[in-house]
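Reading through the structure tokens given below for one structure.
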Amino acid sequence: MGTWGSGNFDSDTARDYLSSFMDRLVAEVAEVMEGDPVAIEPDEYWGVAVPCQLELLHVLVRAGHTSDTPLRPEVVERWKKHFMAVWERTIDELEPSREYKEERRAVLVRTFDQLAGAAAERAA
């Protein structure tokens, strides 16, 4: 195993770990997005966890980290379309304030867009 620096990710073992971690995040999101839409409603576990996973992936990709299965921007866009359709269809059932709804929508859209942009930059 190679080590090329003193950083936390400056060895083959660390890079292998990070790559498998990123792969797991992508695989979980993909599985959830292909599953029952109820799972990603705003008050459900995956409706909260998926945006967290996407933001983690964005941070890692922006930091220059990669995985064995690179994330494609068109996949993120497809996820966004599906996730936001479910969100728009179900958010009013929770009776959020107009302000919260607008702010949360903006955060969700930005989360997907940032990851898609970072994925596109890595692919270029």
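Note on the stretch 74-124: residues that are modelled with pLDDT under 95 and either over 16 Å from the mean Cα position of the chain (by Cα) or of a type outside the set (A, V, I, L, M) (or both) total 4. If you check residue 106 against the conditions, is it small (Gly, Ala, Ser), surrounded by 16 or more Cβ atoms within 10 Å (Cβ to Cβ) and over 30 Å from residue 10 (Cβ atoms)? So residue 106 does not fit the description; no. The residues of the stretch 28-77 that are of a type in the set (D, E, K, R), surrounded by 14 or more Cβ atoms within 10 Å (Cβ to Cβ) and assigned to a helix (DSSP H, G or I), listed by number, are 28, 55, 62, 77. Close contacts from the stretch 99-115, counting a first residue that is assigned to a helix (DSSP H, G or I) and a second that is among the charged types (D, E, K, R) and modelled with pLDDT of 95 or more, with Cβ to Cβ under 7 Å and a gap of 6+ residues or different chains, come to 111/55; 112/80. Any residue in the stretch 80-92 that is closer than 20 Å to residue 25 by Cα, in contact with a helix residue (DSSP H, G or I) (Cβ under 6 Å, 6 or more places away or on another chain), among the charged types (D, E, K, R) and touching a residue at least 24 places away in the same chain (Cβ under 8 Å)? Taking every residue of the stretch 80-92 in turn, at least one turns out to be closer than 20 Å to residue 25 by Cα, in contact with a helix residue (DSSP H, G or I) (Cβ under 6 Å, 6 or more places away or on another chain), among the charged types (D, E, K, R) and touching a residue at least 24 places away in the same chain (Cβ under 8 Å).
Taking the conditions (1) under 18 Å from residue 121 (Cα atoms); (2) outside any loop (DSSP other than H, G, I, E, B); (3) not hydroxyl-bearing (Ser, Thr, Tyr) in turn, residue 83 satisfies each one other than (1).
May I ask you to verify whether residue 75 is among the β-branched types (Val, Ile, Thr) and over 13 Å from residue 28 (Cβ atoms)?
Working: among the β-branched types (Val, Ile, Thr): yes; over 13 Å from residue 28 (Cβ atoms): yes.
Criteria met by residue 75.
The values are calculated or read from the model by the stated rules, or taken from the named source; none is laboratory data. What you see is a predicted model; the values in this text were computed from it and never measured. We place every Cβ from the backbone using ideal geometry, glycine too, and count neighbours over all the protein chains shown.
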